[in-house]
Amino acid sequence: MAERTPAVQFLSIDGKFAPNEAAEQYLPYLADLTASDHQQFYRDMAITRRFDEECTNLQRQGQMGLWPPSHGQEAAQVGSARAARPQDVLFPTYREHAAALVRGVDILDIVSVMRGASLGGWNPNDPKNGNFRNYTLVIGSQTLHATGYAMGVAFDGAVGTGDPEIDTAVMVYFGDGSTSQGDVSESFVFAASNQTPQVFFLQNNHWAISVPVSTQSRIPLYLRAQGFGIPSVQIDGNDVLASYAASKRHLDEARSGEGPAMIEALTYRIGAHTTSDDPTRYQTPEQLAYWVARDPIIRFESYLRSQGAPEQFFADTVAEANDFAADLRHRTLALEAPSLASMFDNVYAEPHALTTDQLAWLDAYELSLREGV
Amino acid sequence: MAASVEELPLAKALNAGLRAAMATDDRVLLMGEDIGTLGGVFRVTEGLQDEFGKKRVLDTPLAESGIVGTAIGLAMRGYRPVCEIQFDGFIFPAFDQITSQLAKMTNRTSGAVHMPVVIRVPYGGHIGAVEHHQESPEAYFAHTAGLRVVSPSTPNDAYWMIQEAIRSDDPVMFFEPKSRYWPKGPVDFTSSAAPLHATRVVRTGTDVTLLAHGAMVSTLLQAAQVAADEGVSVEVLDLRSLSPIDFGPIISSVEKTGRLIVCQEAPGFVSVGSEIAATVAERAFFSLQSPVLRVSGFDTPYPASKIETFYLPDADRVLDAIDRSLAY
């Protein structure tokens, strides 16, 4: 068995900059970050925390069928998404709300999915959405799409040219539960075989709904990738600097043609799996308390204060987050059901007799009801 | 091409069709198990890796879900992948990627993402093979919204239909009748025979209509010849497309003959033949002189090959159905 190394960590849980030994080789990847970047990371996380809470409330008020909270996982997502270049392509699961925000996706488009007003939500080919692909609900399926996409990037010659505007990497998010899916193993095989420009970003939030990660694996999950010939590292996923630095390094390496890598971010789902779940049935108060003490936002706030971030910044961020949530609520309530035609319109790219006939029938039927024929 | 019409086996016609598609569009790439160096276990892709290189003819790892799942990603990047599933019975590891991912991508993205992916599946019996190598799983895919499903029965159709399938912006399940890979037939390289989704009349008659796709079409033609010798005029239709189904020629034929027998190697229960029988009953009820009959494989697992001839419908079983239909 491969030798274990400690998880990469820059910030201690009380927010002091104290890189551990594993973090040392990642230090250069923090070098370019400015105070302004740090504040951006904080705003990304704080706004996500706030709208995430708003969405849970909206679900409780009957405005959404479901909401999968990201509470607790903001640092893993923000660090990784901020490390990606604009041309990089991100494949999410269904909980990467912070990464979606970073890449420019309108959070209302996620709400639309969870409200039942849309299936996929947003157009991943629209430049405003930052190459952030659609959420995928069948666990692990997106890892293969990401690997195939990365194969295409390599076939296009958009790897290892040395041109920072051309070289492209793919980042795929997945969770601890998904590592038991065959598709995830197959994606490791295809990625290793094709040496794809790709980073596998695992958020180990310790739970697959109610099943603990110990049921999925007897070894730390980052070691799995090594069995497939994919270099891997474990990081403190609640340390946004660790997430940024590890992602930056492995995305850079992927773009330059060094093949795939895997990052396991140790984090914790503070909330429920989704609003349909009751985590008190399987999670102990002690576990929760342990991870609440490692809250990624509080930790980074302590760090920023120690670096001299002004009080006004934090007050402004609270106000900005509140405004963001209020706007999202307002727009959520105005979201309408899609047209009936949308059920048929894009089943096929080109006309298909069955859907064409059925839409015509439904239109005529609905018309007959309205006219009382 | 040297000659405009050439006698080719279906497998070589497919090879020529794939070559033509790849030469026309450099976004077309082939992927599958053993399709490169070996040329595929049925040699359908023989020589193509030498001609187009390893980046366009990919020997993939041995994982069907991986093949289709990565093809989806390649299609997102703008490629037009043609996947080979080595045998019919090996398609099920890819079932989620085909039915939940590939089939739904265009709809769930409101048309923003198209999936021009072809999945080639050698299917059907008559080759004396072991378990999972002789099945006819096409109904699963015809049942799935978002997929197009076609099956050529002749070398000429194989040559043209594979190119049309590759040109389609929708995912196409391309079922190749493997027992018909070897017999030769004319391939006209100058013009397409019929649109991808057209049902075609392959023999005209007046007393009863027989309908099938893939390898069963040749069985129907045998049966029709025997029936003709006995004074029964049989019309034979080649379905060619299982989704969508081109019902126009079927209804027209039934209006003429009043009798329809639907034939398939696949099990009959909840099958393509069942759907055709139901639709014809709805649309041509007053033209029917007898119930629509199905001649199908049995609703059992595909049997040990020493008894497969008792499982697969043959000309005698079709003739028996003709007798039953005419007895009404």
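The values are calculated or read from the model by the stated rules, or taken from the named source; none is laboratory data. Values in this document were obtained by computation on a predicted structure and should not be read as measured data. Note: ideal-geometry Cβ built from the backbone for every residue, glycine included; neighbour counts use all protein chains shown.
Tabulated data for the structure shown
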quantity: Residues satisfying the stated conditions in region A:101-114, i.e. in contact (Cβ under 8 Å) with a residue 60 or more places away in the chain and either under 21 Å from A:Ala75 (Cα atoms) or buried (at least 23 other Cβ atoms within 10 Å of the Cβ) (or both); calculated: A:Ile107, A:Val111
quantity: Residue count for region A:137-155, restricted to those that are surrounded by fewer than 24 Cβ atoms within 10 Å (Cβ to Cβ) and either of a type in the set (A, V, I, L, M) or more than 7 Å from every other protein chain (Cβ to nearest Cβ) (or both); calculated: 4
quantity: Long-range neighbours under 9 Å by Cβ, at least six apart or interchain, first residue within 12 Å of chain A (Cβ to nearest Cβ) and among the acidic types (Asp, Glu) within region B:237-251, second surrounded by 20 or more Cβ atoms within 10 Å (Cβ to Cβ) and not in a strand (DSSP E or B); calculated: B:Asp246/B:His197; B:Asp246/B:Thr199; B:Asp246/B:Leu239; B:Asp246/B:Arg240
quantity: Pairs with Cβ under 9 Å, 6+ apart, first in region A:208-223 and over 13 Å from A:Met262 (Cβ atoms), second of a type in the set (Phe, Trp, Tyr); calculated: A:Ile209/A:Tyr282; A:Ser210/A:Tyr282; A:Val211/A:Tyr282; A:Pro212/A:Tyr282; A:Val213/A:Trp207
quantity: Selection status of B:Met76, buried (at least 16 other Cβ atoms within 10 Å of the Cβ), touching a His at 6+ places or on another chain (Cβ under 8 Å) and among the aliphatic types (A, V, I, L, M); calculated: yes
quantity: Odd one out for A:Gln63, checked against (1) in contact (Cβ under 8 Å) with a residue 40 or more places away in the chain; (2) assigned to a helix (DSSP H, G or I); (3) over 15 Å from A:Gly237 (Cα atoms); calculated: (2)
quantity: Subset of region A:256-297 (residues that are assigned to a loop (DSSP other than H, G, I, E, B), among the β-branched types (Val, Ile, Thr) and either more than 21 Å from A:Met45 (Cβ to Cβ) or touching a Leu at 6+ places or on another chain (Cβ under 8 Å) (or both)); calculated: A:Ile270, A:Thr274, A:Thr275, A:Thr284
quantity: Hits in region B:94-107 (condition: touching a Ser or Thr at 6+ places or on another chain (Cβ under 6 Å) and either within 13 Å of B:Pro137 (Cα to Cα) or more than 8 Å from every other protein chain (Cβ to nearest Cβ) (or both)); calculated: B:Ala94, B:Thr99, B:Ala103
quantity: Among the residues listed as A:Thr267, A:Thr274, the single one being farther than 30 Å from A:Tyr303 by Cβ and under 19 Å from the mean Cα position of the chain (by Cα); calculated: A:Thr274
quantity: Unmet criterion (only one of (1) under 22 Å from A:Asn205 (Cα atoms); (2) among the hydroxyl-bearing types (Ser, Thr, Tyr); (3) away from chain B (no Cβ under 12 Å)) for A:Thr161; calculated: (1)
quantity: Residues satisfying the stated conditions in region B:186-241, i.e. in contact with a Phe, Trp or Tyr (Cβ under 8 Å, 6 or more places away or on another chain) and not in a loop (DSSP other than H, G, I, E, B); calculated: B:Val187
quantity: Selected residue (only one of B:Ala129, B:Ala165, B:Ala158, B:Ala142 is touching a helix residue (DSSP H, G or I) at 6+ places or on another chain (Cβ under 7 Å), in contact (Cβ under 8 Å) with a residue 40 or more places away in the chain and within 14 Å of another protein chain (Cβ to nearest Cβ)); calculated: B:Ala142
quantity: Check on B:Leu196, in contact (Cβ under 8 Å) with a residue 60 or more places away in the chain and within 14 Å of another protein chain (Cβ to nearest Cβ); calculated: no
quantity: Residue within region B:25-36 that is touching a residue at least 40 places away in the same chain (Cβ under 8 Å), out of contact with any Ser or Thr (no Cβ under 7 Å at 6 or more places or on another chain) and more than 29 Å from A:Phe91 (Cα to Cα) present; calculated: yes
quantity: Evaluation of A:Met171 against (1) out of contact with any Pro (no Cβ under 8 Å at 6 or more places or on another chain); (2) within 12 Å of chain B (Cβ to nearest Cβ) (one fails), failing number; calculated: (2)
quantity: Region A:331-373, residues that are among the aromatic types (Phe, Trp, Tyr) and either within 14 Å of another protein chain (Cβ to nearest Cβ) or touching a strand residue (DSSP E or B) at 6+ places or on another chain (Cβ under 8 Å) (or both); calculated: A:Phe344, A:Tyr348, A:Trp361
quantity: Top-ranked residue of region B:110-126 - restricted to ones that are crowded, with 20+ Cβ neighbours inside 10 Å and among the aliphatic types (A, V, I, L, M), ranked as farthest from the other protein chains (Cβ to nearest Cβ); calculated: B:Val121
quantity: From B:Ser305, B:Ser271, B:Ser252, residue being outside the structural domain of B:Gln134 (by TED's automatic domain parsing) and surrounded by 22 or more Cβ atoms within 10 Å (Cβ to Cβ); calculated: B:Ser271
quantity: Residue in region A:310-321 that is touching an Asp or Glu at 6+ places or on another chain (Cβ under 8 Å) and either assigned to a loop (DSSP other than H, G, I, E, B) or hydrophobic (A, V, I, L, M, F, W, C) (or both) present; calculated: yes
quantity: Of all residues making up region B:11-56, the number that are of a type in the set (Val, Ile, Thr) and closer than 22 Å to B:Asp88 by Cβ; calculated: 4
quantity: Unique residue being hydrophobic (A, V, I, L, M, F, W, C) and free of Cβ contacts under 8 Å to residues at least 12 places away in the same chain when the list is B:Ala94, B:Ala112; calculated: B:Ala112
quantity: Checklist (1) over 14 Å from A:Val111 (Cβ atoms); (2) surrounded by fewer than 16 Cβ atoms within 10 Å (Cβ to Cβ) applied to A:Gln39, failing item; calculated: (2)
quantity: Matching residues, region A:103-131, being within 24 Å of A:Thr196 (Cα to Cα) and in contact with a Lys or Arg (Cβ under 9 Å, 6 or more places away or on another chain); calculated: A:Pro124, A:Asn129, A:Gly130, A:Asn131
quantity: Total residues in region A:103-135, condition within 13 Å of chain B (Cβ to nearest Cβ), under 16 Å from the mean Cα position of the chain (by Cα) and among the aliphatic types (A, V, I, L, M); calculated: 1
quantity: Within region B:39-76, considering residues that are more than 21 Å from B:Pro171 (Cβ to Cβ) and in contact with a Ser or Thr (Cβ under 6 Å, 6 or more places away or on another chain), the one farthest from the other protein chains (Cβ to nearest Cβ); calculated: B:Gly39
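Each row is one residue, and each column tells you yes or no for (1) in the same structural domain as B:Glu265 (by TED's automatic domain parsing); (2) buried (at least 19 other Cβ atoms within 10 Å of the Cβ).
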position	(1), (2)
B:Pro183	no, no
B:Val208	yes, yes
B:Ala212	yes, yes
B:Val217	yes, yes
B:Leu220	yes, yes
B:Gln225	yes, no
B:Ala228	yes, no
B:Glu235	yes, yes
B:Leu239	yes, yes
